[in-house]
Amino acid sequence: MAVVDGATLRIVDSSEAPTPQSPDPDAIPHAVVELARRLRGLDRVRRAGIASIGPIDSRRGVIELAPNVAGRPRSIPVAEFLKGELGFEEIYMANDCNAAAYAEYLARSGKERQDLLYVTISTGIGGGAVVDGRPVLGRRGNAAEIGHSVVDPTGYMRCGCGGLGHWEAYCSGRNVPRYARRLAEDGEVPTGSRLHLLALRENAGPREIFELYRSNDPSSRPFFGRLATLMAAGLSTAINLFAPEVLVMGGAVYLNNENFFRAEVFPRLQDFLMLEGPRIEGPVYGERSPLIGGALLAANGVGEARVEL
Ligand SMILES: [Zn+2]
(Lines give C-alpha, C1' and ligand atoms only; values in the text may rest on other atoms or scores of the structure.)
Protein backbone atom coordinates (compact mmCIF):
# COMPACT_ATOMS: atom_id res chain seq x y z
CA MET A 1 0.00 0.00 0.00
CA ALA A 2 1.25 3.49 -0.76
CA VAL A 3 0.27 7.13 -0.66
CA VAL A 4 1.15 8.46 -4.12
CA ASP A 5 1.30 12.10 -5.19
CA GLY A 6 -1.15 12.19 -8.14
CA ALA A 7 0.76 14.94 -9.98
CA THR A 8 4.32 13.65 -9.74
CA LEU A 9 3.63 9.92 -9.08
CA ARG A 10 6.17 10.13 -6.27
CA ILE A 11 5.53 7.58 -3.50
CA VAL A 12 5.04 9.66 -0.33
CA ASP A 13 4.99 6.64 1.97
CA SER A 14 4.42 2.90 1.64
CA SER A 15 3.82 -0.12 3.86
CA GLU A 16 3.31 -3.84 3.35
CA ALA A 17 2.13 -6.96 5.16
CA PRO A 18 1.40 -10.57 4.16
CA THR A 19 -2.16 -11.37 3.07
CA PRO A 20 -4.02 -12.73 6.14
CA GLN A 21 -4.68 -16.45 5.67
CA SER A 22 -8.00 -16.53 7.49
CA PRO A 23 -11.46 -17.74 6.44
CA ASP A 24 -12.96 -14.61 8.08
CA PRO A 25 -14.15 -12.37 5.17
CA ASP A 26 -13.34 -9.28 7.28
CA ALA A 27 -9.69 -10.26 7.89
CA ILE A 28 -8.36 -8.82 4.63
CA PRO A 29 -10.24 -5.48 4.69
CA HIS A 30 -9.29 -5.04 8.38
CA ALA A 31 -5.64 -5.64 7.52
CA VAL A 32 -5.84 -3.19 4.61
CA VAL A 33 -7.34 -0.47 6.83
CA GLU A 34 -4.67 -1.07 9.52
CA LEU A 35 -1.95 -0.86 6.89
CA ALA A 36 -3.39 2.40 5.53
CA ARG A 37 -3.52 4.01 8.97
CA ARG A 38 0.28 3.69 9.23
CA LEU A 39 0.85 5.81 6.12
CA ARG A 40 2.09 9.38 6.21
CA GLY A 41 -0.01 11.75 4.11
CA LEU A 42 -3.16 9.61 4.31
CA ASP A 43 -5.24 12.58 5.56
CA ARG A 44 -4.74 14.33 2.20
CA VAL A 45 -5.88 11.36 0.09
CA ARG A 46 -9.18 11.88 -1.81
CA ARG A 47 -9.08 8.95 -4.23
CA ALA A 48 -8.01 5.37 -3.63
CA GLY A 49 -7.13 2.73 -6.22
CA ILE A 50 -7.25 -0.98 -5.40
CA ALA A 51 -5.30 -3.57 -7.42
CA SER A 52 -6.44 -7.01 -6.29
CA ILE A 53 -6.18 -10.66 -7.20
CA GLY A 54 -9.32 -11.75 -9.04
CA PRO A 55 -12.02 -12.53 -9.61
CA ILE A 56 -13.42 -9.17 -8.54
CA ASP A 57 -16.57 -7.13 -8.98
CA SER A 58 -15.04 -3.72 -9.61
CA ARG A 59 -18.46 -2.06 -9.86
CA ARG A 60 -19.24 -3.03 -6.25
CA GLY A 61 -15.63 -2.95 -5.04
CA VAL A 62 -15.67 -6.60 -3.99
CA ILE A 63 -13.10 -9.40 -4.26
CA GLU A 64 -15.37 -12.26 -5.31
CA LEU A 65 -13.37 -15.26 -4.22
CA ALA A 66 -9.68 -15.72 -3.91
CA PRO A 67 -8.34 -19.09 -5.18
CA ASN A 68 -4.86 -18.31 -3.75
CA VAL A 69 -6.07 -17.41 -0.24
CA ALA A 70 -6.63 -20.20 2.29
CA GLY A 71 -10.16 -20.83 3.51
CA ARG A 72 -11.74 -19.31 0.38
CA PRO A 73 -13.96 -16.57 1.82
CA ARG A 74 -16.76 -16.04 -0.67
CA SER A 75 -16.76 -12.30 -1.02
CA ILE A 76 -14.60 -9.53 0.44
CA PRO A 77 -16.21 -6.03 0.42
CA VAL A 78 -12.90 -4.16 0.45
CA ALA A 79 -14.03 -0.80 -1.07
CA GLU A 80 -16.99 -0.41 1.30
CA PHE A 81 -14.61 -0.96 4.25
CA LEU A 82 -12.10 1.58 2.98
CA LYS A 83 -14.77 4.21 2.41
CA GLY A 84 -16.41 3.56 5.78
CA GLU A 85 -13.18 3.53 7.80
CA LEU A 86 -11.06 6.06 5.92
CA GLY A 87 -13.66 8.24 4.14
CA PHE A 88 -12.20 8.41 0.63
CA GLU A 89 -14.35 10.35 -1.87
CA GLU A 90 -13.76 8.01 -4.80
CA ILE A 91 -12.49 4.44 -5.05
CA TYR A 92 -11.23 2.66 -8.17
CA MET A 93 -10.60 -1.04 -8.49
CA ALA A 94 -8.96 -3.37 -11.00
CA ASN A 95 -7.50 -6.85 -11.18
CA ASP A 96 -3.83 -6.57 -10.11
CA CYS A 97 -2.47 -7.55 -13.54
CA ASN A 98 -4.81 -5.19 -15.40
CA ALA A 99 -3.60 -2.39 -13.11
CA ALA A 100 0.03 -3.43 -13.74
CA ALA A 101 -0.49 -3.38 -17.51
CA TYR A 102 -1.86 0.16 -17.25
CA ALA A 103 1.16 1.32 -15.21
CA GLU A 104 3.63 -0.31 -17.60
CA TYR A 105 1.82 1.20 -20.59
CA LEU A 106 1.91 4.73 -19.12
CA ALA A 107 5.59 4.30 -18.22
CA ARG A 108 6.27 3.80 -21.95
CA SER A 109 3.70 6.18 -23.45
CA GLY A 110 5.07 9.02 -25.51
CA LYS A 111 7.02 6.40 -27.44
CA GLU A 112 4.03 5.77 -29.74
CA ARG A 113 3.22 2.49 -28.11
CA GLN A 114 -0.52 1.94 -27.97
CA ASP A 115 -0.74 -1.79 -27.29
CA LEU A 116 0.89 -3.64 -24.42
CA LEU A 117 0.45 -7.03 -22.81
CA TYR A 118 1.62 -7.70 -19.25
CA VAL A 119 2.13 -11.29 -18.10
CA THR A 120 3.24 -12.39 -14.65
CA ILE A 121 4.33 -15.96 -13.90
CA SER A 122 4.44 -16.33 -10.12
CA THR A 123 2.31 -18.34 -7.64
CA GLY A 124 -0.40 -18.03 -10.28
CA ILE A 125 -0.34 -16.74 -13.86
CA GLY A 126 -1.93 -13.37 -14.53
CA GLY A 127 -2.23 -11.01 -17.44
CA GLY A 128 -3.41 -7.56 -18.38
CA ALA A 129 -3.65 -5.63 -21.62
CA VAL A 130 -3.83 -2.10 -22.94
CA VAL A 131 -5.30 -1.96 -26.46
CA ASP A 132 -5.48 1.27 -28.50
CA GLY A 133 -4.23 3.11 -25.41
CA ARG A 134 -7.13 1.94 -23.21
CA PRO A 135 -6.84 -0.59 -20.38
CA VAL A 136 -8.90 -3.72 -21.13
CA LEU A 137 -10.80 -4.16 -17.85
CA GLY A 138 -14.03 -5.86 -18.90
CA ARG A 139 -17.37 -6.14 -17.17
CA ARG A 140 -16.75 -6.11 -13.39
CA GLY A 141 -12.99 -6.03 -14.03
CA ASN A 142 -12.30 -9.62 -15.01
CA ALA A 143 -11.05 -9.36 -18.60
CA ALA A 144 -7.69 -10.78 -19.71
CA GLU A 145 -7.52 -13.64 -17.17
CA ILE A 146 -5.13 -15.38 -19.53
CA GLY A 147 -3.77 -17.78 -16.88
CA HIS A 148 -7.07 -19.62 -17.24
CA SER A 149 -6.85 -20.14 -20.98
CA VAL A 150 -6.87 -23.81 -21.99
CA VAL A 151 -3.48 -25.19 -23.08
CA ASP A 152 -4.45 -28.86 -22.72
CA PRO A 153 -8.01 -29.85 -23.69
CA THR A 154 -7.45 -33.37 -22.31
CA GLY A 155 -7.65 -31.69 -18.89
CA TYR A 156 -4.80 -33.70 -17.37
CA MET A 157 -4.37 -31.08 -14.63
CA ARG A 158 -7.20 -29.31 -12.79
CA CYS A 159 -6.72 -25.61 -12.03
CA GLY A 160 -7.21 -23.97 -8.60
CA CYS A 161 -10.25 -22.22 -10.13
CA GLY A 162 -11.85 -25.61 -10.85
CA GLY A 163 -11.34 -25.53 -14.62
CA LEU A 164 -9.53 -28.25 -16.61
CA GLY A 165 -6.34 -27.89 -18.61
CA HIS A 166 -5.70 -24.25 -17.74
CA TRP A 167 -2.23 -22.76 -18.39
CA GLU A 168 -1.83 -21.88 -14.70
CA ALA A 169 -2.53 -25.51 -13.69
CA TYR A 170 0.74 -26.60 -15.39
CA CYS A 171 3.06 -23.62 -15.42
CA SER A 172 2.61 -21.43 -12.31
CA GLY A 173 5.02 -21.55 -9.38
CA ARG A 174 2.50 -23.44 -7.31
CA ASN A 175 1.67 -25.93 -10.04
CA VAL A 176 4.99 -26.79 -11.73
CA PRO A 177 5.80 -29.13 -8.80
CA ARG A 178 2.25 -30.57 -8.85
CA TYR A 179 2.50 -31.25 -12.57
CA ALA A 180 5.92 -32.91 -12.17
CA ARG A 181 4.53 -35.05 -9.36
CA ARG A 182 1.52 -36.17 -11.38
CA LEU A 183 3.77 -37.13 -14.31
CA ALA A 184 6.09 -39.03 -11.95
CA GLU A 185 3.14 -40.90 -10.43
CA ASP A 186 1.88 -41.81 -13.91
CA GLY A 187 5.25 -43.22 -14.99
CA GLU A 188 5.99 -40.32 -17.38
CA VAL A 189 9.32 -39.53 -15.70
CA PRO A 190 12.23 -42.04 -15.69
CA THR A 191 12.07 -43.95 -12.38
CA GLY A 192 14.95 -43.15 -10.05
CA SER A 193 15.97 -40.01 -12.00
CA ARG A 194 16.68 -36.78 -10.10
CA LEU A 195 13.37 -35.31 -11.29
CA HIS A 196 11.47 -38.45 -10.24
CA LEU A 197 12.93 -38.35 -6.73
CA LEU A 198 12.37 -34.61 -6.39
CA ALA A 199 8.82 -34.61 -7.79
CA LEU A 200 7.67 -37.28 -5.33
CA ARG A 201 9.14 -35.42 -2.36
CA GLU A 202 6.46 -33.72 -0.27
CA ASN A 203 7.84 -30.18 -0.17
CA ALA A 204 9.53 -29.73 -3.57
CA GLY A 205 9.17 -26.14 -4.80
CA PRO A 206 9.57 -24.54 -8.25
CA ARG A 207 13.08 -23.33 -7.35
CA GLU A 208 14.35 -26.91 -6.86
CA ILE A 209 12.62 -28.17 -9.99
CA PHE A 210 14.14 -25.41 -12.15
CA GLU A 211 17.53 -26.11 -10.55
CA LEU A 212 17.50 -29.35 -12.60
CA TYR A 213 17.19 -27.26 -15.75
CA ARG A 214 20.07 -25.02 -14.72
CA SER A 215 22.30 -28.00 -13.93
CA ASN A 216 21.51 -29.52 -17.37
CA ASP A 217 20.20 -32.76 -15.86
CA PRO A 218 19.66 -35.00 -18.93
CA SER A 219 16.81 -37.08 -17.46
CA SER A 220 14.62 -34.01 -16.91
CA ARG A 221 15.05 -32.56 -20.45
CA PRO A 222 11.78 -34.07 -21.79
CA PHE A 223 9.90 -32.60 -18.82
CA PHE A 224 11.27 -29.10 -19.43
CA GLY A 225 10.49 -29.47 -23.14
CA ARG A 226 6.88 -30.29 -22.26
CA LEU A 227 6.72 -27.39 -19.80
CA ALA A 228 8.18 -24.95 -22.34
CA THR A 229 5.63 -26.02 -24.98
CA LEU A 230 2.72 -25.49 -22.56
CA MET A 231 4.20 -22.14 -21.50
CA ALA A 232 4.53 -21.05 -25.15
CA ALA A 233 0.96 -22.24 -25.87
CA GLY A 234 -0.43 -20.00 -23.10
CA LEU A 235 1.76 -17.06 -23.97
CA SER A 236 1.00 -17.23 -27.70
CA THR A 237 -2.74 -17.43 -27.03
CA ALA A 238 -2.48 -14.17 -25.10
CA ILE A 239 -0.32 -12.55 -27.81
CA ASN A 240 -2.69 -13.67 -30.60
CA LEU A 241 -5.66 -12.22 -28.65
CA PHE A 242 -4.24 -8.77 -27.98
CA ALA A 243 -1.62 -8.24 -30.74
CA PRO A 244 0.69 -6.19 -28.48
CA GLU A 245 3.73 -4.21 -29.63
CA VAL A 246 5.35 -4.85 -26.26
CA LEU A 247 5.11 -7.88 -23.98
CA VAL A 248 6.13 -7.09 -20.39
CA MET A 249 7.09 -10.24 -18.51
CA GLY A 250 7.26 -10.36 -14.72
CA GLY A 251 6.73 -12.59 -11.69
CA ALA A 252 9.20 -14.60 -9.62
CA VAL A 253 9.07 -17.77 -11.77
CA TYR A 254 9.95 -15.74 -14.87
CA LEU A 255 12.52 -13.45 -13.26
CA ASN A 256 14.36 -16.31 -11.50
CA ASN A 257 14.41 -18.47 -14.64
CA GLU A 258 14.88 -16.04 -17.50
CA ASN A 259 17.41 -18.40 -19.18
CA PHE A 260 14.75 -21.09 -19.43
CA PHE A 261 12.33 -18.65 -21.06
CA ARG A 262 14.91 -17.21 -23.48
CA ALA A 263 16.30 -20.62 -24.49
CA GLU A 264 13.16 -22.81 -24.43
CA VAL A 265 9.91 -20.82 -24.32
CA PHE A 266 10.35 -17.76 -26.55
CA PRO A 267 11.79 -19.74 -29.54
CA ARG A 268 8.70 -22.01 -29.41
CA LEU A 269 6.38 -18.99 -29.79
CA GLN A 270 7.18 -18.81 -33.53
CA ASP A 271 5.38 -22.12 -34.08
CA PHE A 272 2.17 -20.76 -32.50
CA LEU A 273 1.94 -17.09 -33.44
CA MET A 274 -0.08 -15.72 -36.33
CA LEU A 275 1.86 -12.45 -36.49
CA GLU A 276 5.41 -11.49 -35.71
CA GLY A 277 6.06 -11.63 -31.95
CA PRO A 278 6.16 -8.51 -29.77
CA ARG A 279 9.26 -6.98 -28.22
CA ILE A 280 9.77 -8.57 -24.79
CA GLU A 281 10.76 -6.33 -21.89
CA GLY A 282 10.92 -6.39 -18.09
CA PRO A 283 8.56 -4.35 -15.86
CA VAL A 284 9.67 -0.71 -15.35
CA TYR A 285 8.11 -0.72 -11.87
CA GLY A 286 9.26 -4.24 -10.93
CA GLU A 287 7.01 -5.84 -8.32
CA ARG A 288 5.28 -2.49 -7.75
CA SER A 289 3.53 -2.35 -11.15
CA PRO A 290 0.11 -3.36 -9.74
CA LEU A 291 0.43 -0.85 -6.87
CA ILE A 292 1.40 2.03 -9.19
CA GLY A 293 -1.30 0.96 -11.66
CA GLY A 294 -3.97 1.13 -8.95
CA ALA A 295 -2.83 4.64 -8.05
CA LEU A 296 -2.79 5.70 -11.72
CA LEU A 297 -6.34 4.41 -12.36
CA ALA A 298 -7.49 6.57 -9.44
CA ALA A 299 -5.33 9.59 -10.31
CA ASN A 300 -6.57 9.58 -13.92
CA GLY A 301 -10.18 8.86 -12.90
CA VAL A 302 -10.54 5.90 -15.29
CA GLY A 303 -14.34 5.54 -15.35
CA GLU A 304 -14.46 1.81 -16.16
CA ALA A 305 -12.59 1.10 -12.89
CA ARG A 306 -14.70 3.34 -10.65
CA VAL A 307 -16.52 1.66 -7.76
CA GLU A 308 -20.18 2.70 -7.35
CA LEU A 309 -20.54 3.38 -3.63
ZN1 LIG B 1 -8.12 -21.75 -13.91
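The values are calculated or read from the model by the stated rules, or taken from the named source; none is laboratory data. Computed from a prediction, not measured in an experiment: that's the story for all the values here. All Cβ positions, glycine included, derive from the backbone under ideal geometry; neighbour counts span all protein chains shown. Side chains are part of the model used for accessible areas, which takes the heavy atoms of the whole protein and leaves out ligands, DNA and RNA. Shrake-Rupley method; radii C 1.70, N 1.55, O 1.52, S 1.80 Å.
Structure data summary
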| quantity | calculated |
| --- | --- |
| Percent antiparallel among DSSP beta bridges (both partners in the chain, rounded to 5) | 55 percent |
| Cα long-axis angle, helix 96-108 against the chain (0 to 90 degrees, to the nearest 10) | 80 degrees |
| On Cα atoms only, tilt of 175-185 relative to the major axis of the chain in degrees | 30 degrees |
| Largest to smallest accessible area among His148, His166 [probe 1.4 Å] | His148, His166 |
| Heavy-atom accessible area ranking, 1.4 Å probe, most first, across Tyr170, Tyr213 | Tyr213, Tyr170 |
| Charge dipole (debye, nearest 20) of the chain; +1 at Cβ of Lys and Arg, -1 at Cβ of Asp and Glu | 140 debye |
| Nearest-10 value in Å² for the accessible area of Leu241, using the 1.4 Å probe | 120 Å² |
| Residues in the range 130-152 reached by a label modelled at Leu275 [backbone nitrogen below 13 Å; 7 Å Cα→Cβ] | 130-133 |
| Accessible area per residue in Å² at 1.4 Å probe, computed on the chain | 47 Å² |
| Local electrostatic count at Phe242 - Lys and Arg +1, Asp and Glu -1, tallied over other residues with Cβ under 15 Å | -3 |
| Cα-projected label distance for Ala31 with Arg207, points at 7 Å along beta-carbon direction, nm | 2.1 nm |
| Neighbourhood net charge (14 Å Cβ-Cβ; Lys/Arg +1, Asp/Glu -1) for Pro290 | -3 |
| Virtual spin-label span in nm between Gln114 and Ala7, 7 Å along Cα→Cβ | 3.2 nm |
| Principal-axis tilt of helix 289-299 within the chain, Cα atoms, nearest 10 degrees | 30 degrees |
| Solvent-accessible area, 1.4 Å probe, carbon plus sulfur percent, for the chain | 49 percent |
| For the chain, alpha-carbon Rg over 2.2 N^0.38 Å | 1.03 |
| Selection of GluC sites (Glu not before Pro), the range 215-266, meeting DSSP coil and at most 16 other Cβ within 10 Å | Glu245 |
| Stokes-Einstein diffusion coefficient of the range 240-290, Kirkwood radius over Cα pairs, 10 °C, 1.306 mPa s, in µm²/s | 131 µm²/s |
| Helix-only [θ]222 nm of the chain, DSSP H runs n ≥ 4, -39500 (n - 2.57) each, per residue, nearest 500 | -10500 deg cm²/dmol |
